[in-house]
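Asker: Just passing along the structure, written as structure tokens.
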Amino acid sequence: INLFLKKLGNIFINYSYENAVTFMGREEDEPEDTILSLDFRDKNQVNLIVDRLGTYGASERVYSSGFKNFDMRFLNGGFEPGRIYIFAGKPGQGKSALLLNFAYNAALKESENGAVLYITLENSVEETINRLLKILVYDVTGNREAYKDIRKDKQKMKDILLKHFSDKRFIIKYFHPNFPTSDLLSWIATLQQKEKISIIFIDYLSLLTSTKAYEQKRHELGQITLELKKMSRIFNVPIVTAAQLNTAGYDIIPTMKNIDESRQVAQHADFIGLLFDDKTDSNLNLIDECQMVLGINIDKNRNGPRGIARFLFDSLTMKLKEITKTGEKIVVAQNDDIEEIIKEEDHNIMDIEEVSDLLQEDPLGNI
């Protein structure tokens, strides 16, 4: 009976998945404008291909992570539609914080091009907003301790959120763990009927379930990754998600083989970045134990180089900043575009004396 019910359930799940795709009016694996073949004897096809090459990879077709050096070095300018990006790390490594920083930056910079979706299966909407407020308050004030005071004033928290996001197309959605990818696809398809979607963040991969039943989790994770890849092509958006490392990757610079459970996850992904505690830059003076250097080993990149990116992560503010190094000189790069957006919206928040005082107290030059 159990076997029969499982097979019956799979029939309904697969039907709903394919029906949702049909509802979008596209092929299952490809966006509607994808060119599937080329015969060089057909001049019209050749002309069409060459015409598209002029816009392929152009800036309007990519979505910035908000980190200039990271975008230009590893992402060909930004996250590209039709691709899936996976960032893997051990528990508590900062995977959710990384995705939220990406989404926060995208909401401020990219939401005019379409809705930014942040889908969480791990943290509630309340916890996600709490973290988002920490990032925002720090950007507004430049003060690492400011959130402790502002969180006591509910009205001020509301005002700050609405001031910076009320005109942004930024959607945060919680789904329970073990949420089926078929239901996720249907929900996104329904949403896209109302408005254009620019980029999707999913926290995180292992908490989804596949449209097909598997006895072993590693096979299911491979199928989930493949289904997310299909979604990225169906909706023509980048999908950025996170995954767990296995225990062998905890205390080393991890590689693709350290992704938990499945080699197929690595096979289907277009980009894989593996998070680790980077202790190599001893010249960088951290203020306290809340700050750490987060390394990301980019071990797979279908459209760019591999290598290591470094960020300064502050758990007090949930903020990430790029670290660049030239010779022996280490610089915490400023996120100029995001800071300029915040500055324009909050140009009256501090007078010159307050800024001067904060600069004197800020040894890393974070302002």
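The values are calculated or read from the model by the stated rules, or taken from the named source; none is laboratory data. What you are looking at is a predicted structure, and each value in this text was computed from that prediction instead of being measured. So basically every Cβ, Gly included, is an ideal-geometry build from the backbone, and we count neighbours across all protein chains shown. Surface areas here come from the heavy atoms of the whole protein model, side chains and all, with no ligands, DNA or RNA. Shrake-Rupley method; radii C 1.70, N 1.55, O 1.52, S 1.80 Å.
Asker: What are the pairs, 6+ residues apart or on separate chains, where a residue within the range 201-216 that is within 30 Å of residue 169 (Cβ to Cβ) and assigned to a strand (DSSP E or B) has its Cβ under 6 Å from a residue that is open to solvent by 10 Å² or more (accessible area, probe 1.4 Å) and among the charged types (D, E, K, R)?
Answerer: 203/122
Asker: When you go through 108, 185, 191, 207 one by one, which is the residue that is among the hydrophobic types (A, V, I, L, M, F, W, C), out of contact with any Leu (no Cβ under 8 Å at 6 or more places or on another chain) and over 24 Å from residue 67 (Cβ atoms)?
Answerer: Of the residues listed, the single one that is among the hydrophobic types (A, V, I, L, M, F, W, C), out of contact with any Leu (no Cβ under 8 Å at 6 or more places or on another chain) and over 24 Å from residue 67 (Cβ atoms) is 185.
Asker: All but one of (1) at pLDDT 95 or above; (2) open to solvent by 30 Å² or more (accessible area, probe 1.4 Å); (3) of a type in the set (A, V, I, L, M, F, W, C) hold for residue 40, so report the exception by its number.
Answerer: Condition (1) is where residue 40 drops out.
Each row is one residue, and each column tells you yes or no for (1) of a type in the set (Gly, Ala, Ser); (2) outside any helix (DSSP H, G or I).
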{"site": "99", "(1), (2)": "no, no"}
{"site": "106", "(1), (2)": "yes, no"}
{"site": "117", "(1), (2)": "no, yes"}
{"site": "149", "(1), (2)": "no, no"}
{"site": "159", "(1), (2)": "no, no"}
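Asker: Look through the range 137-185, keep the residues that are among the basic types (Lys, Arg) and within 25 Å of residue 320 (Cβ to Cβ), and return whichever of them is most open to solvent (accessible area, probe 1.4 Å).
Answerer: 151
Asker: Let me ask something else about it. Condition first: in a loop (DSSP other than H, G, I, E, B), open to solvent by 30 Å² or more (accessible area, probe 1.4 Å) and touching a residue at least 24 places away in the same chain (Cβ under 8 Å). Now tell me which residues in the range 234-270 satisfy that.
Answerer: 236, 250, 252, 253, 255, 260, 261
Asker: In the range 43-64, how many residues are assigned to a loop (DSSP other than H, G, I, E, B), modelled with pLDDT under 80 and aliphatic (A, V, I, L, M)?
Answerer: Matching residues across the range 43-64 total 1.
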